[in-house]
Every structure is written in structure tokens, then in C-alpha cells.
Amino acid sequence: MFFHNPWRQQQLRHVVVTTFHEKGYRDYGKRCIETFLEHWPADIELLVYAEDVDVEERDSRLHVLDHGEVLPHLLEFRDAFAGNPLANGVRSSGGVLKRDYRWDAVRFSNKVFAVTDAIRRYRTLADQLIWLDADTVTHRDIPRSLVDRIAPRGKQLAAYLNRSIYPECGWVGYNLRHPEILTFAERFERTYTSGYFLAMKESHDSFVFWKIVQQMEQDREAKFKFLGSNRTKSHVFINSVLGGYLDHLKGDRKAAGKSRKSDLTWRRREAWWR
Ligand SMILES: [Mn+2]
């Protein structure tokens with residue numbers, strides 16, 4: 001006989017999504033896939049939006065989509081703003097042209113259009129969609145209970161790595177059962193396609209994500225789950241619960257294949273960090 005146990009949280013269905021281009025595949029994407037297949041629970045699949053690159057790995061848990069084929073809105077967006085320096089990270093400051101990722105909407109739009117496509121694609125097939133940057137390495141078996149525990153539930157539309165500035169969007173858990181999830185996806189995409197990002201203080205995906213979720217919270221359309229810390233400014237990913245299982249190779253850490261010990265704000269005991 002089976003009893004319904006109200007204390008036991010229901011097991012959720014999860015899917016993980018990422019994207020990379022050819023160089024990214026060689027530099028970190030391949031390792032992201034390999035370590036995913038090695039350390040993630042067997043019932044969780046990885047969806048990859050691959051841009052002009054053949055992914056060599058074959059696995060029943062790995063699904064590869066051709067970026068150029070399935071993301072027509074991204075290609076239209078890039079074409080529309082290709083000639084606009086303001087959309088490509090170049091701004092004039094005191095008469096001098098400066099490059100800065102904070103305004104490189106075209107570069108970071110990859111992530112935006114991939115995640116919005118994945119949200120629509122998996123809307124009825126999974127409960128949580130986890131965006132995971134391809135410049136991450138999974139270094140230890142991830143317990144299924146952890147993935148369930150940190151997932152957004154009920155009125156929470158997403159679970160993200162908050163910090164004192166815009167969040168770290170290398171990991172974002174989206175609640176596919178939330179009634180406003182398609183509204184979120186629509187706004188995320190439209191901020192770019194409409195050109196509205198040009199009027200914003202910064203236009204990379206993390207900043208735009210932050211502005212949209214803050215507005216949704218203020219308008220009481222959705223709540224959110226916070227996986228980070230408001231006291232941290234940088235490296236919130238590896239200093240959160242996620243650091244026990246994953247590393248996030250930001251910037252030049254990609255070449256080293258590992259974050260620096262000095263990136264940790266507290267001592268981690270896992271083998272990876274020793
Ligand atoms: Mn990253």
C-alpha cells in the first residue's frame with residue numbers, strides 16, 4: 001500500500017541547457033559536456049545550442065540543436081544591430097572609443113535567445129529548466145535531492161545567484177510551471193529585438209535579466225529564489241552551494257581550467273579545491 005507523504009517533496013523533472021560556438025567547444029564546451037555526463041543524475045538531460053560546430057560526444061542524455069537552424073530571431077537580431085557600435089560593446093567615453101562587455105548586447109544575446117527557445121520547447125516536458133554556462137566544469141556527483149532542493153517552486157519563477165550587483169547568470173533555474181514563465185521569456189527577448197536595450201545602463205544578459213525580474217517582483221507577478229548572497233560582489237557561483245559540485249571558469253580561468261583559490265571567500269573541503 002502507498003501513502004501520500006506530505007513531508008516528502010515531489011521529485012521534479014529537470015533539463016539543463018547551454019550554448020557555445022566552435023572555439024568555445026574546444027576551450028571549455030567539450031569538458032562541460034563530458035563532466036555533465038559523468039556527474040549529473042542519470043535522468044537529467046543536457047540540451048546544447050551549438051553554433052557552427054559538430055559536437056563529437058554521443059549519449060542518450062545529450063541533445064544537440066543547430067543554433068543557426070533553430071534560432072532565427074537571434075540571427076535577425078544580430079543582422080539588425082551588426083553595424084551599431086552601441087550594440088556591440090563600443091561606446092565613446094570622453095571622446096575615446098572604449099570596449100566593454102557591459103554593452104555588448106550582440107555577444108550576450110546568444111544566451112538570451114537560446115534560453116527563451118528552450119523555455120518554449122520544454123514548457124510541458126520538464127518542471128525546471130536550468131541554464132548552465134558552458135564554461136563550467138562539474139567536478140563531483142550532483143545528488144538529485146540537491147537539484148530538487150534548489151529548484152524554484154510554486155510562485156517562484158526562477159532561482160538565481162543574486163549578489164550586491166546584477167546577478168551571476170552562469171546558473172539560472174527556471175520554473176516551467178510558473179504561469180508567467182512565457183511572459184518572462186517574451187520580455188527577455190523583446191528587450192533585445194525592440195532595441196530597448198540601447199536605452200539601458202548595461203545590456204548584457206545578466207543585467208537585463210535582473211531588471212526584468214526586479215520589475216516582476218515589484219509588480220507581484222512572480223517571486224524568486226535566491227541562491228547567492230547580497231554581501232558578495234564577485235565569484236558568487238563557486239562560493240554558493242554550487243561550488244561544492246561545479247566550477248565556473250570566468251575570463252582567463254578558462255585557460256587554467258580552474259578557478260583560483262583566492263576566488264573563494266571561505267575554505268572549501270571538496271577534492272577539487274584542495
Ligand atoms: Mn560563464
* State which residue is farthest from the ligand (Cβ to nearest atom) when the search covers only the range 160-208 and only residues that are polar (S, T, N, Q) and either open to solvent by less than 10 Å² (accessible area, probe 1.4 Å) or within 17 Å of the chain's Cα centre (by Cα) (or both). => N175
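Which residue, of V137, V147, is open to solvent by less than 10 Å² (accessible area, probe 1.4 Å) and within 15 Å of the ligand (Cβ to nearest atom)?
Values: V147 fails: within 15 Å of the ligand (Cβ to nearest atom).
Result of the check over V137, V147: V137.
Quick check on S234: is it of a type in the set (S, T, Y), closer than 20 Å to P167 by Cα and under 17 Å from the mean Cα position of the chain (by Cα)? Can you show your working first?
On the way: of a type in the set (S, T, Y): yes; closer than 20 Å to P167 by Cα: yes; under 17 Å from the mean Cα position of the chain (by Cα): yes.
When the stated conditions are applied, S234 passes them.
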* To do: Could you grab the pairs with beta carbons closer than 7 Å, sequence gap of 6+ or different chains, first residue in the range 70-95 and farther than 15 Å from R190 by Cα, second one surrounded by 14 or more Cβ atoms within 10 Å (Cβ to Cβ) and of a type outside the set (D, E, K, R)?
  => L86/W103; L86/L198; N88/V106; G89/W103; R91/W103
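Can you spot a residue in the range 91-113 that is within 16 Å of the ligand (Cβ to nearest atom) and of a type in the set (A, V, I, L, M, F, W, C)? Walk me through it before giving the result.
We begin by selecting, within the range 91-113, every residue within 16 Å of the ligand (Cβ to nearest atom); these are 101-102, 104, 107-112.
Now restrict to residues that are of a type in the set (A, V, I, L, M, F, W, C): 108, 112.
Yes, the range 91-113 contains a residue that is within 16 Å of the ligand (Cβ to nearest atom) and of a type in the set (A, V, I, L, M, F, W, C).
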* **Flag if R268 is free of Cβ contacts under 8 Å to residues at least 40 places away in the same chain, at negative phi and open to solvent by less than 80 Å² (accessible area, probe 1.4 Å)** => yes
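Could you grab me the full set of residues in the range 161-176 that are over 12 Å from A222 (Cβ atoms) and out of contact with any Lys or Arg (no Cβ under 7 Å at 6 or more places or on another chain)?
The first filter runs over the range 161-176 and keeps only residues over 12 Å from A222 (Cβ atoms), leaving 161-173, 176.
Selection gives L161, N162, Y166, P167, E168, C169, G170, W171, V172, G173.
Determine which member of the set E38, E57, E51 is open to solvent by less than 60 Å² (accessible area, probe 1.4 Å), over 30 Å from Y196 (Cα atoms) and either modelled with pLDDT of 95 or more or of a type outside the set (K, R) (or both).
Details: E38 fails: open to solvent by less than 60 Å² (accessible area, probe 1.4 Å); E51 fails: over 30 Å from Y196 (Cα atoms).
Exactly one residue qualifies, and that residue is E57.
With the requirement that a residue be under 11 Å from G244 (Cβ atoms) and part of a loop (DSSP other than H, G, I, E, B), what does the range 256-274 give you? Give the steps one after another, and end with the answer.
Filtering the range 256-274 for residues under 11 Å from G244 (Cβ atoms) gives 268-273.
The answer is R268, R269, E270.
Listed here are the residues, each with its yes/no results for (1) touching a helix residue (DSSP H, G or I) at 6+ places or on another chain (Cβ under 9 Å); (2) assigned to a loop (DSSP other than H, G, I, E, B); (3) of a type in the set (S, T, Y); (4) closer than 23 Å to L125 by Cα.
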| site | (1), (2), (3), (4) |
| --- | --- |
| Y25 | yes, no, yes, no |
| V53 | yes, yes, no, no |
| H63 | no, no, no, yes |
| G68 | yes, no, no, no |
| L75 | yes, no, no, no |
| D79 | no, no, no, no |
| S92 | yes, no, yes, no |
* When residues of the range 99-147 are filtered for being over 17 Å from the mean Cα position of the chain (by Cα) and outside any loop (DSSP other than H, G, I, E, B), how many remain? -> 5
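From the residues in the range 230-249 that are open to solvent by 30 Å² or more (accessible area, probe 1.4 Å) and modelled with pLDDT of 95 or more, which one is nearest to P152 (Cα to Cα)? Steps first, please.
Step one: list which residues in the range 230-249 are open to solvent by 30 Å² or more (accessible area, probe 1.4 Å), which gives 230-231, 233-235, 241, 245.
Among the residues that remain, those that are also modelled with pLDDT of 95 or more are: 241, 245.
Values: V241: 15, Y245: 19 Å.
Among residues in the range 230-249 that are open to solvent by 30 Å² or more (accessible area, probe 1.4 Å) and modelled with pLDDT of 95 or more, the one nearest to P152 (Cα to Cα) is V241.
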* May I ask you to verify whether K155 is open to solvent by 50 Å² or more (accessible area, probe 1.4 Å), over 13 Å from the mean Cα position of the chain (by Cα), within 27 Å of R99 (Cβ to Cβ) and of a type outside the set (S, T, N, Q)? => no
* Structure fact -> Per the filter on the range 122-134, residues more than 16 Å from the ligand (Cβ to nearest atom), in contact with a helix residue (DSSP H, G or I) (Cβ under 8 Å, 6 or more places away or on another chain) and not basic (K, R) are Q128, L129
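The values are calculated or read from the model by the stated rules, or taken from the named source; none is laboratory data. All values reported here derive from a predicted model rather than from experimental measurement. Glycine gets a Cβ as well: all are built from the backbone with ideal geometry, and neighbour counts include every protein chain shown. Just so you know, the surface numbers come from the protein's heavy atoms only, side chains and all, with ligands and any DNA or RNA stripped out. Shrake-Rupley method; radii C 1.70, N 1.55, O 1.52, S 1.80 Å.
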